[in-house]
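Asks: First the structure, which I've put down as structure tokens, then a few questions once you've had a look.
Every number here is computed from the coordinates shown, using simple stated rules; none is lab data. These numbers come from a predicted model, not from an experiment. When we count neighbours, we look across all protein chains shown, and the Cβ atoms used for this are built from the backbone with ideal geometry, even at glycine.
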Amino acid sequence: MELEEAKRAVLDASKKLVDSSLVARTWGNISCRVGSSHFLITPSGREYERLDEGQLVLVSLEDLSYEGEIKPSSEKGIHGAVYRLREDVHSVIHTHQEMASLASQLGEVLAVPPAFQHILGERILTAPYALPGTKRLKAQVSKVLATEPKSSLLMAHHGALCFAGGMEETYRAAAALEAVCTEHVHSRAPRLGDLAHSGEPVLLARRNERGDIECSDDAPLYIKELACALLAGKRGYSHVLSLSSPKITASMENVQTLSAYLDDFAQIAGANVPVMEGGRAPSAYLSATKGRDALLIRGFGALCMGTTQSDAKAVATLLEKNAKAALLALDAPQVRPLPLLDSHLMRFVYTHKYSKLAEADPPSTPSPPGQGVTESPRHGEEV
């Protein structure tokens, strides 16, 4: 594929994936083979909705080198491995799509229903867990690629990798994979389908342009006071959202901490999130949020914090997905949380590196407290 054609293909795919909810924010990455020696890939930490041709990065297949100041995706090594091992592949999409991410924890060979076999083949394999963006993960993926999967594979605790001869075929593979994983996950954990879908996160409190804290009148008094206390005590944050979800409520039963099952949760929300009783002093909750951007309160739900309203919504999105992973673990004993040390490492690298890449984007206009959140988040991609 020529460079200009590759640029159009990547940008078109990014919009299509966002519209279909297969990718969100900056999570995941997309690439196209360019000639025999390069591939064009999305940058690290940039929103898909705002992506333009000048932000795409041309990477050498030989040594993964690139020119310019914009960094390519941290998963460029995996894309390069696909192109080197599969000469028939000309486009690659990596996503954190929800059901594929959940299915990746099972470590099972997924049988593909006949209706999808012309797209995905007869089975879906999972590459064993490794830290994202590492040589070990690339090696694990390469081993699965050596078995010649038709168009997709899963990466444990991480997400999906789809590939094909053209971008439209690759997109169809991602969509088909999500359908197959949805059926498989619900068959293993029927409770996920039985629990109602949550509503949008609601803004509880924000720090306005003058630095004053504004609170919603809709929340219970102790929650409103808590949200304001969190902003007062965490000066780097400007928004607190609430999320009430049956899945989050169920994930809190009989546990003191919600562990990280998925790597994007570990990076953006924290290595784990404590479950606390209501009615305690604000200082106790503030202490519990050290190194975390979320808090779970029994009988209420989740409080999610961010430097922008968008960042706080990103935390809420991943908190619910991770809650589903915890519920899946109740029905599938092989599903285990991420190693705690790995979770802390991912959180550290994310907060000190990848989240900084979004700072060049101007923040969206905040909503008044008490209204649902609809803007696009700015949180960066995986480590």
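Asks: State the number of lysine pairs found in segment 202-358 whose Cα atoms come within less than 18 Å, restricting to pairs 8 or more positions apart or on distinct chains.
Replies: 10
Asks: Between the DSSP loop rule and a limit of at most 13 other Cβ atoms within 10 Å, which trypsin sites (Lys or Arg not before Pro) in segment 263-315 are left?
Replies: In loop regions of segment 263-315 (DSSP not H, G, I, E or B), the sparsely surrounded trypsin sites (Lys or Arg not before Pro) are R280, K290, R298.
Asks: Could you work out how much longer the chain between S283 and S60 gets when fully extended? Use 0.36 nm per residue separation minus the Cα distance between them, nm to one decimal.
Replies: Residue separation times 0.36 nm, minus the Cα-Cα distance, leaves 75.1 nm.
Asks: Counting helices only, and only those DSSP H runs with n ≥ 4, report the 222 nm mean residue ellipticity of the chain as the sum of -39,500 (n - 2.57) divided by its residues, in deg cm²/dmol to the nearest 500.
Replies: Helix contribution divided over all residues of the chain: -11500 deg cm²/dmol.
Asks: Something else now. Counting other beta carbons within 10 Å of each Cβ, put H184, H79, H96 in order, fewest first.
Replies: Going from least to most buried by this count: H184, H96, H79.
Asks: Rounded, prolate or oblate: which fits segment 202-358, taking a ≥ b ≥ c as square roots of the Cα gyration tensor eigenvalues, rounded meaning a/c under 1.5, else prolate when a/b beats b/c?
Replies: The shape class here is oblate.
Asks: Shape call for segment 3-188 from the C-alpha gyration tensor, a ≥ b ≥ c root eigenvalues: rounded (a/c under 1.5), prolate (a/b greater than b/c) or oblate?
Replies: Since a/c reaches 1.5 and a/b is larger than b/c, the shape of segment 3-188 is classed as prolate.
Asks: Quick one: check the C-alpha center-to-center distance for segment 1-69 versus segment 143-178, whole angstrom.
Replies: One Cα centre to the other: 17 Å.
Asks: Mind giving me the nanometre distance, one decimal, between the label points for S244 and K353, set 7 Å out from Cα along Cα→Cβ?
Replies: Between S244 and K353, the label points sit 4.1 nm apart.
Asks: Fewest Cβ neighbours within 10 Å first, please rank S20, S142, S74 accordingly.
Replies: With the fewest neighbours first, S20, S142, S74 line up as S20, S142, S74.
Asks: I'd like the trypsin sites (Lys or Arg not before Pro) in segment 1-66 restricted to DSSP loop residues with at most 15 other Cβ atoms within 10 Å, sorted by number.
Replies: Here the trypsin sites (Lys or Arg not before Pro) that fit, given the DSSP loop and packing criteria, are R50.
Asks: Between E168 and T134, 0.36 nm times their residue separation minus their Cα-Cα distance comes to what?
Replies: 9.4 nm
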